[in-house]
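See structure below.
The values are calculated or read from the model by the stated rules, or taken from the named source; none is laboratory data. Because the structure is a prediction, the values reported are computed rather than measured. A quick note on method: Cβ atoms are made from the backbone with ideal geometry, for glycine too, and the neighbour counts reach across all protein chains shown.
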């Protein structure tokens, strides 16, 4: 586990073009409890996909604009450096926010933080968009690194500012 925490980084940040220009009202910000559930559910689904090599369930849980643009194989390829490695220790740890939950100007809900998995740290940046009537993951950036060293490795897709306010329509 230590080598994983010391050397593994993977990023998938997606740029999705929102449909329409009508601005929908954002849902309320999640309570701290709901935020923790959203973060852990997303990351444990990610963990299961990495352990099994099957990203179908994670893909199915993503927001429709993501599914319209990318495939389950895109997720698998983006996170291949995590393949077979566990991050499930986070289930027993509280989240530590690096910034309060907020809605971006593009309408996405941004959750930022980390899990104190000392001596290393698992950090996350998760964006959610209203899709099919609920908040669903639209972008994920996960890093696991030793706190005394810089990030090792890396993979990513370009992240762009996009209007998600009408994406779920």
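When the range 114-129 is filtered for residues that are more than 21 Å from residue 63 (Cα to Cα) and either in contact with a helix residue (DSSP H, G or I) (Cβ under 6 Å, 6 or more places away or on another chain) or assigned to a strand (DSSP E or B) (or both), the ones remaining, listed by number, are 114, 115, 116, 117, 120, 121, 122, 123. The one condition from (1) closer than 27 Å to residue 131 by Cα; (2) at pLDDT below 95; (3) surrounded by 20 or more Cβ atoms within 10 Å (Cβ to Cβ); (4) in contact with a helix residue (DSSP H, G or I) (Cβ under 6 Å, 6 or more places away or on another chain) that residue 107 does not meet is (4).
If you check 112, 121 for being surrounded by fewer than 23 Cβ atoms within 10 Å (Cβ to Cβ), in contact with a strand residue (DSSP E or B) (Cβ under 6 Å, 6 or more places away or on another chain) and modelled with pLDDT of 95 or more, only one passes: 112.
When you look at residue 52, is it more than 16 Å from the chain's Cα centre (by Cα) and modelled with pLDDT of 90 or more, yes or no? For residue 52, the condition - more than 16 Å from the chain's Cα centre (by Cα) and modelled with pLDDT of 90 or more - is met. Remark: pairs (first residue in the range 129-143, closer than 16 Å to residue 77 by Cβ; second residue surrounded by fewer than 20 Cβ atoms within 10 Å (Cβ to Cβ) and at pLDDT 90 or above; Cβ separation under 6 Å; 6+ apart in sequence or on different chains) = 141/125. Condition first: part of a helix (DSSP H, G or I) and either more than 12 Å from the chain's Cα centre (by Cα) or touching a residue at least 60 places away in the same chain (Cβ under 8 Å) (or both). Can you find one or more residues in the range 144-151 that meet it? Checking the range 144-151: not a single residue is part of a helix (DSSP H, G or I) and either more than 12 Å from the chain's Cα centre (by Cα) or touching a residue at least 60 places away in the same chain (Cβ under 8 Å) (or both). So which residues in the range 50-84 are crowded, with 18+ Cβ neighbours inside 10 Å and within 21 Å of residue 121 (Cβ to Cβ)? Across the range 50-84, the qualifying residues are 50, 78, 79, 81, 82.
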